[in-house]
Amino acid sequence: MDTPIQLIVGLGNPGTEYARTRHNAGEDFVREIARQENVSFSPDKKFFGEIAKVSINNQNVHLLIPKTFMNRSGQAVGALANFYKIPAESILVAHDELDMEPGIAKLKIGGGHGGHNGLRDIISALSNNKNFARLRLGIGHPGNAKDVANYVLKRAPKTEQILLEDTIYRATRIMPLAVKGEWNNAMKELHTSN
């Protein structure tokens with residue numbers, strides 16, 4: 001895939017009680033991009049979220065943090081993508097990943113939702129188009145499927161939080177490559193830094 005990125009979405013749940021929890025790793029990533037680019041988010045009701053615009057490699061990129069709950073993330077992504085006529089292939093969704101340990105981040109192009117309710121809803125909102133890119137941020141697994149809901153909605157212990165913050169920072173460093181559509185180089189750089 002060599003499609004430039006026009007929209008970066010950070011998944012999470014709204015509200016202070018969910019801030020900095022494992023499930024909000026995607027939101028934390030997008031907030032870190034905005035911090036580095038020195039831009040602020042503005043609430044936008046028509047896009048069901050907070051939006052900002054940054055220039056990465058002289059290319060304008062929309063940043064979106066849905067303010068719906070995770071399982072309704074597609075409402076925000078679909079609204080913004082339709083409004084700006086952004087194809088699925090030009091969207092990068094950052095999200096937490098149970099199947100990878102903290103400290104690991106991987107880029108992936110397309111695929112299913114893997115049980116992630118945010119991804120499931122986005123696929124549905126994009127007319128079942130799965131061809132968007134994902135930045136998977138490892139949060140680890142609690143070990144038992146019935147503990148997952150409670151686990152993802154909690155803050156990680158400090159050691160894990162530091163690993164996640166380092167991972168998020170490393171992932172921001174490869175965004176110039178990803179935004180240009182240089183996926184192989186972006187993946188190589190990110191995956192070898194894990």
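Do you know which residues across region 68-89 are surrounded by fewer than 22 Cβ atoms within 10 Å (Cβ to Cβ) and either within 12 Å of E27 (Cβ to Cβ) or among the polar types (S, T, N, Q) (or both)? Residues satisfying the conditions are T68, N71, Q75, N82.
Taken together, L177, L164, L153 contain a single residue that is more than 18 Å from G118 (Cβ to Cβ) and aliphatic (A, V, I, L, M), which is L177.
Is it the case that region 24-36 has a residue that's without any contact (Cβ under 8 Å) to a residue 12 or more places away in the chain, surrounded by fewer than 18 Cβ atoms within 10 Å (Cβ to Cβ) and closer than 16 Å to S73 by Cβ? Within region 24-36, not a single residue is without any contact (Cβ under 8 Å) to a residue 12 or more places away in the chain, surrounded by fewer than 18 Cβ atoms within 10 Å (Cβ to Cβ) and closer than 16 Å to S73 by Cβ.
Checked against (1) within 23 Å of E50 (Cα to Cα); (2) polar (S, T, N, Q); (3) in contact (Cβ under 8 Å) with a residue 24 or more places away in the chain, N131 passes all but condition (1).
State all residues of region 1-20 that are among the aliphatic types (A, V, I, L, M) and assigned to a loop (DSSP other than H, G, I, E, B); if no residue qualifies, say none.
Once the filter is applied, which keeps residues that are among the aliphatic types (A, V, I, L, M) and assigned to a loop (DSSP other than H, G, I, E, B), region 1-20 yields M1, I5, L11, A19.
Contact annotation: residue pairs with Cβ atoms under 9 Å, 6 or more positions apart or on different chains, pairing a residue in region 94-107 that is closer than 14 Å to Y169 by Cα with a partner that is surrounded by fewer than 21 Cβ atoms within 10 Å (Cβ to Cβ) and among the charged types (D, E, K, R), are P102/E160; G103/E160; G103/D166; A105/R170. Picking from residues in region 1-23 that are of a type in the set (S, T, N, Q) and in contact (Cβ under 8 Å) with a residue 60 or more places away in the chain, the one that is nearest to K53 (Cα to Cα) is Q6. Being of a type in the set (A, V, I, L, M, F, W, C) and within 12 Å of the chain's Cα centre (by Cα) is the filter; apply it to region 16-35 and report the residue that is nearest to L137 (Cα to Cα). Looking at the filtered set, the residue picked out is A25.
Values in this text are rule-based calculations from the coordinates and carry no lab data. Model, not experiment: these values are computed from the prediction. As a convention, Cβ positions derive from the backbone with ideal geometry for all residues, glycine included, and neighbour counts pool all protein chains shown.
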